[in-house]
Amino acid sequence: MAKKKSSQDENLVVVQDALSKTEQYIEDNQKSLMIIVGAIIAIAILYLAYTKLYVAPKEQAALAASFRAEKYFDIDSFRLALNGDGGSAEGFLSIIDDYGMTKTGNLANYYAGICYLQLGEFDTAIEYLKAFDSNDRVVSAMALGALGDAYSELDDNDEAVSYYVKAGNTDNDFTAPMYLMKAGLIYENQGKYADALKLYEKIKTDYSQSTEGRYIDKYIQRANLNM
């Protein structure tokens with residue numbers, strides 16, 4: 001019992017000693033610590049002010065501008081969607097320049113990339129699509145797939161396959177099988193039937209109810225026959 005009490009006393013001494021050292025450190029460095037705490041608070045206030053007083057109004061303005069640009073995009077008027085109509089409607093390029101720090105400005109990079117892809121300006125499409133960043137599974141997959149399309153049009157099939165596979169691995173039932181199929185067809189054209197087969201089998205296993213999944217067996221059979 002005496003031994004247990006002695007151990008407890010030793011632990012108490014250790015804790016008290018640690019507390020004393022901490023108190024002494026705070027006392028010795030009080031000025032520095034106050035400066036650090038003050039700086040953290042100032043940064044937090046500046047960040048809140050920036051987001052609430054600057055970014056938020058910019059976001060609203062970007063949304064209003066993008067709404068008009070998207071109207072042209074929806075009717076396949078891609079030049080007007082990019083550059084605006086010279087009147088009340090700004091284009092996506094202007095939105096990127098004016099509101100690039102906003103979510104809508106970021107999304108405008110995606111729209112601009114798709115516009116240039118549709119206009120056959122594939123290098124420029126790649127530039128804007130690569131500038132786009134999103135955590136949305138559907139939109140990010142479509143951006144990756146569009147990059148695959150652009151590289152495919154430029155006959156850079158290795159890059160095209162790379163982006164199609166990335167798009168196909170985003171675990172999105174709507175887009176994944178479509179892009180996996182595109183990658184598989186390129187692999188077949190390159191004579192890489194084993195690589196194509198892996199993608200076709202993934203479609204069959206994971207996306208059997210998709211449009212691609214319903215007729216994937218004939219592609220599996222063809223890849224097997226050519227191996």
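Just so it is clear, none of the values below were taken in a lab; they were calculated from the coordinates. Please read all numbers here as calculations on a predicted model, not as lab measurements. Please note: Cβ atoms are built from the backbone with ideal geometry, for glycine as well, and neighbour counts cover all protein chains shown.
For segment 125-166, what number results from the quotient of the Cα radius of gyration and 2.2 N^0.38 Å?
In units of the 2.2 N^0.38 Å rule of thumb, it is 1.06.
Rank by packing, highest mean first: peptides 219-226, 197-204, with packing defined as the count of other Cβ atoms within 10 Å averaged across residues.
Highest mean packing first, the order is 197-204, 219-226.
Tell me, what HN-Hα J-couplings in whole Hz come from the Karplus equation 6.51 cos²θ - 1.76 cosθ + 1.60 at θ = phi - 60° for each residue of segment 127-134, using x for Gly and Pro?
4, 6, 5, 6, 6, 7, 9, 8
Projected area of segment 134-227, taken from the Cα convex hull and averaged over every viewing direction, in nm²?
About 5.4 nm², averaged over all directions.
If you count, for each residue, the other Cβ atoms within 10 Å and average over each peptide, how do 103-115, 156-168 line up from highest to lowest?
103-115, 156-168
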